[in-house]
Amino acid sequence: MRYFLEIAYDGTNYHGWQIQPNALTVQQVLNDCLSTVLRETIETVGSGRTDTGVHAEQQFVHLDVTGKLDKEEACYRFNRILPHDIAVKNVYEVMPDAHARFDAIARTYEYRISLVNNPFIHAYSHFLSRKPDVNLMNEAAAALLSFEDFTTFSKVKGETKHYRCQIFRADWQLQADRLLFTIRANRFLRGMVRLVVGTLLDVGNGKLSVADFKTTVASQNRHLASAAAPAAGLFLTKVEYPPNYFGL
């Protein structure tokens, strides 16, 4: 039977989501836990990848098991042996062909910036000592919705067959002593959000004009993007599926 798990994790201590040789990853730890509890080899498929140090408030995975799960009991047992920085929030029974990655219709990321030096949130935000120009960054961010090819904001490595994404939302909000960037799209490229944020911050700091930003995106030249923003401030916050997808 196939199940979806809704999970969350603090990515600080992990080399990203996806299993890789000689590195501690969220997926490997989760697979090991599920295999121990269910007493069979479990291999999860995630709705998407997060890079080293990136967090997830909502991530979905699917897995196949030989028997039927008591969803509440399974959730309890998974969380008993998972480390404190990974949590299973919900368990859903789904159709046998349901797919956590391919069935997702949208994903939302938030990038969090602190404008005060708070030692208790450094692991979960990027500290800036000076506030950038939020209006200019929003003007530049709005332009993202008119582009389709985001080669400029992609890492060279990976198995990506194309660099087209549909961005539904991209904006900055000033909230007291922090800045919050929200971006929602049907898909994201590897490292894309951090490169977008880094380049938008250059707009806000006066290193690039809004026109320069648009030219950079249109160029499809990876070398024109600014440095990636630090991983600590990035959160995968929402993964969306078609209506009633979990209504079985």
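Calculate the dipole size of the chain relative to its Cα centre from +1 charges on Lys and Arg beta carbons and -1 charges on Asp and Glu beta carbons; express the result in debye to the nearest 20.
480 debye
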Scan around THR50 for amide H atoms under 5 Å from its own, H built in the peptide plane at 1.01 Å from N, and keep only partners 5 or more places away or cross-chain. TRP17, GLN18
Counting only heavy atoms of protein chains, what accessible area per residue, in Å², does the stretch 34-77 have with a probe of 1.4 Å? 52 Å²
Efficiency of FRET from Cβ geometry, ASP149 and VAL65, R₀ 25 Å, rounded to 0.05: 0.05
Hey, got the Cα dimensions of the chain along the principal axes, in Å, largest first? 58, 39, 36
If you filter the stretch 99-156 for GluC sites (Glu not before Pro), then keep DSSP loop positions with at most 13 other Cβ within 10 Å, what is left? GLU148
Mind checking Rg over Rh on the stretch 1-55, alpha carbons, Kirkwood formula for Rh? 0.96
Using a probe radius of 1.4 Å on heavy atoms only, what accessible surface per residue do you get for the stretch 94-219? Whole Å² is fine. 51 Å²
Per DSSP, loop trypsin sites (Lys or Arg not before Pro) in the stretch 131-173 with at most 13 further Cβ within 10 Å: LYS157, LYS161
Using a probe of 1.4 angstrom, how much of the accessible area of the chain is carbon and sulfur, in percent? 49 percent
Output ³J(HN,Hα) for the stretch 85-96: one whole-Hz value per residue in order, computed from phi by the Karplus curve 6.51 cos²θ - 1.76 cosθ + 1.60 with θ = phi - 60°, and x for Gly and Pro. 9, 9, 9, 9, 9, 8, 10, 10, 7, 10, 5, x
Using a Förster radius of 30 Å, what is the FRET efficiency between ASN90 and THR160 based on their Cβ-Cβ separation? Nearest 0.05, please. 0.50
Placed amide H near ASN90: partners under 5 Å, 5+ positions off or other chain: GLU6
What are the ³J(HN,Hα) couplings of the stretch 100-105, residue after residue, when phi is run through the Karplus curve with 6.51, -1.76, 1.60 and θ = phi - 60°? Round to Hz, x for glycine and proline. 4, 8, 6, 8, 5, 9
Among ALA176, ALA218, ALA232, which one shows the highest mean-square fluctuation when the chain is modelled as a Gaussian network with alpha-carbon springs under 10 Å? ALA176
For a test of the definition: using alpha carbon positions, the gyration tensor, and the 1.5 limit on a/c, classify the stretch 109-178 as rounded, prolate or oblate. oblate
How do the peptides 184-191, 113-120, 87-94 rank, highest first, by the average count of neighbouring beta carbon atoms within 10 Å per residue? 184-191, 87-94, 113-120
Within the chain, how many lysine pairs that are 8 or more places apart, or on different chains, have C-alpha atoms less than 26 Å apart? 13
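The values are calculated or read from the model by the stated rules, or taken from the named source; none is laboratory data. Just so it is clear, the structure is predicted and the values come from calculations on it, not from any experiment. Every residue, glycine among them, receives a Cβ derived from its backbone with ideal geometry; neighbour counts consider all protein chains shown. The protein model used for the area step is the full one, side chains on, heavy atoms only, and it has no ligands, DNA or RNA in it. Shrake-Rupley method; radii C 1.70, N 1.55, O 1.52, S 1.80 Å.
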